[in-house]
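Here's the structure we're looking at; comments come further down.
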Amino acid sequence: MLLGLLCLSVFSVSLALAETPSAISDQEFWRMVTEFSEQGGVFQAEFMSNEDSFQFVIPALKQTTRKGGVYIGVGPEQNFSYIAAIEPGLAFVVDIRRDNMLEHLMYKALFELSSDRADFVSRLFARKRPAGLNANSNVKTLFDAYQSVETDAGFHQENVRAVLDRLVTQHKFQLSDGDKASLGDMMNRIRLAGPSALKGTGDKNLTYAQAMTGADLTGRSQSYLASNDNFRVVQELEKNNLIVPLVGDFAGGRAIISIGRYLKEHSAIVDIFYVSNVERYLFDQGDHGKTFYTNVATLPLDPSSTFIRSVTSDISRRLGVPLPDGTANWRSFLSPMSESLKALDNGGIKTYRELFEFVR
């Protein structure tokens, strides 16, 4: 049955470049956010990624992924670096946590309000912009300049008002009082931590500044704040409502299926699906894993469609997943979606470890 759904998804749509809209209206964007989303669930809260290997696969993504396609991801800000790298025409971020959707709305407003990367970092962490920064500043110079700048409570309140005004007054997104309070609390926690202390969950993880100034395996910085060009890619998509955050369970009955239906209506193909390590938890939950892959099989795919999978180094060693040399706490892998689904359908993949036998 899974293979039949996959074949239908692959061959019933055009293999041409995605015919996604060049912009989505505010009304349609909010309809998608609300109607495609599911009831939120519970998972550990985090305001940034804890993966230190996310940049390692970006050179390969740039070489193999067509521009103007479709990206699907999960989690907070790491999605922006993948989006900056592949330059999709449309992106969805699906996460079981409602706060993750709200965080992406916060980012949307900050991208729209900011003139450049320095202004963006200033607003995100509520620190007044240091002198001497411009659009071409090196990313390390950018974050070094903010290292000694203290947070400003008044500037924070100004930013919260600006974000809510942008989302509620200008875009007319119907946020509840609880949503508004959550956004304010989130922004306060981010600014109190600051770029040199904000981390994802865990005790060995990078700070925000380290993640943004980090590099791929060739030493080149590939984060979404690494260059003005990277920043502008994400900013333009946000301004045109083309990064759509959803509340959704990967094994749920609405979010992924709704994305698939929308993409088929627009003759679009999923190019990249960043799943992080979510599959590990799905395999631990019995039939949730099977349901997720049934959902994925409803997406329009072609042979180039690719999963980005992430796994911690300690779990990799425990499961016997072959690892390249290095000291990173995480490893990221590119896996062909269609081949993975076929293997799952014919019994070639039965365990979480076996997912990593299908690597590009």
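The values are calculated or read from the model by the stated rules, or taken from the named source; none is laboratory data. Quantities reported herein were computed from a predicted structural model and do not represent experimental measurements. As a convention, Cβ positions derive from the backbone with ideal geometry for all residues, glycine included, and neighbour counts pool all protein chains shown. The protein model used for the area step is the full one, side chains on, heavy atoms only, and it has no ligands, DNA or RNA in it. Shrake-Rupley method; radii C 1.70, N 1.55, O 1.52, S 1.80 Å.
Let me know the shape class of the range 67-124, please: from the alpha-carbon gyration tensor, a ≥ b ≥ c as square roots of the eigenvalues, rounded when a/c is under 1.5, otherwise prolate if a/b is greater than b/c, or oblate. Walk me through the intermediate numbers first.
Values: a/c = 2.28, a/b = 1.19, b/c = 1.91.
Verdict is oblate for the range 67-124.
For the range 152-287, what class follows from the C-alpha gyration tensor (a ≥ b ≥ c being the square roots of its eigenvalues): rounded when a/c is under 1.5, otherwise prolate if a/b is larger than b/c, else oblate?
Working: a/c = 1.42, a/b = 1.14, b/c = 1.24.
Rounded, because the longest to shortest axis ratio a/c is under 1.5.
Leaving ligands, DNA and RNA out of it, rank Glu28, Glu46 by accessible area with a 1.4 Å probe, largest first.
Values: Glu28 55, Glu46 35 Å².
Sorted by accessible area, descending: Glu28, Glu46.
Let me know the charge dipole size of the chain about its Cα centre in debye, to the nearest 20, where only the beta-carbon of Lys, Arg (+1) and Asp, Glu (-1) is charged. Display every interim value, and only then the final one.
Details: 37 positive and 42 negative charges, 68 e Å.
So the magnitude is around 320 debye.
Among the DSSP beta bridges whose two residues both lie in the range 218-345, what percent are antiparallel, rounded to the nearest 5?
Numbers: 7 of 11 bridges.
Expressed as a percentage, antiparallel bridges in the range 218-345 total about 65.
Per DSSP H run of n ≥ 4, the term is -39500 (n - 2.57); total these for the chain, divide by its residue number, and report the mean residue ellipticity at 222 nm rounded to 500 deg cm²/dmol. Let's see the in-between values first.
On the way: 16 runs with 159 residues, N = 360.
About -13000 deg cm²/dmol.
Going through the range 55-127, which trypsin sites (Lys or Arg not before Pro) have at most 15 other Cβ atoms within 10 Å and a DSSP loop state?
On the way: sites: Lys62, Arg66, Lys67, Arg97, Arg98, Lys108, Arg117, Arg123, Arg127; in loops: Arg66, Lys67, Arg97, Arg127.
Hits after loop and neighbour filter: Arg66, Lys67.
Could you check what % of the DSSP bridge pairs in the chain are antiparallel, to the nearest 5?
Working: 8 of 24 bridges.
Here the share of antiparallel DSSP bridges comes out near 35 percent.
Indicate the gyration tensor shape class of the range 223-340 (rounded, prolate or oblate), computed on the Cα atoms with a ≥ b ≥ c the square roots of the eigenvalues: a/c under 1.5 is rounded; otherwise a/b larger than b/c is prolate and the rest oblate.
On the way: a/c = 1.93, a/b = 1.14, b/c = 1.70.
Note, shape of the range 223-340 comes out oblate.
In the range 28-150, if the dipole is taken from +1 on Lys/Arg beta carbons and -1 on Asp/Glu beta carbons about the Cα centre, which of Trp30, Val70, Asn100 is farthest to the positive end?
Most positive-ward Cα: Val70.
Excluding ligands, DNA and RNA, what is the solvent-accessible area per residue of the range 127-229 at a probe of 1.4 Å, expressed in Å²?
52 Å²
Quick one: accessible surface of Tyr208, probe radius 1.4 Å, all protein chains present, in square angstrom to the nearest 10.
0 Å²
In the range 149-223, what percent of the accessible surface is made up of carbon and sulfur (1.4 Å probe, ligands and nucleic acids excluded)? Before the final figure, lay out each step's value.
Working: 1780 of 3780 Å².
About 47 percent, which is the carbon plus sulfur part of the accessible surface.
In whole angstrom, note down how far apart the Cα centers of the range 102-153 and the range 314-357 are.
Measuring centre to centre over Cα atoms gives 37 Å.
In a GNM of the chain with a 10 Å cut-off on Cα contacts, which of Gly68, Gly178, Gly40 has the highest mean-square fluctuation?
Gly178
How big is the accessible area of Met337 in square angstrom, nearest 10, if you roll a 1.4 angstrom probe over the protein chains?
0 Å²
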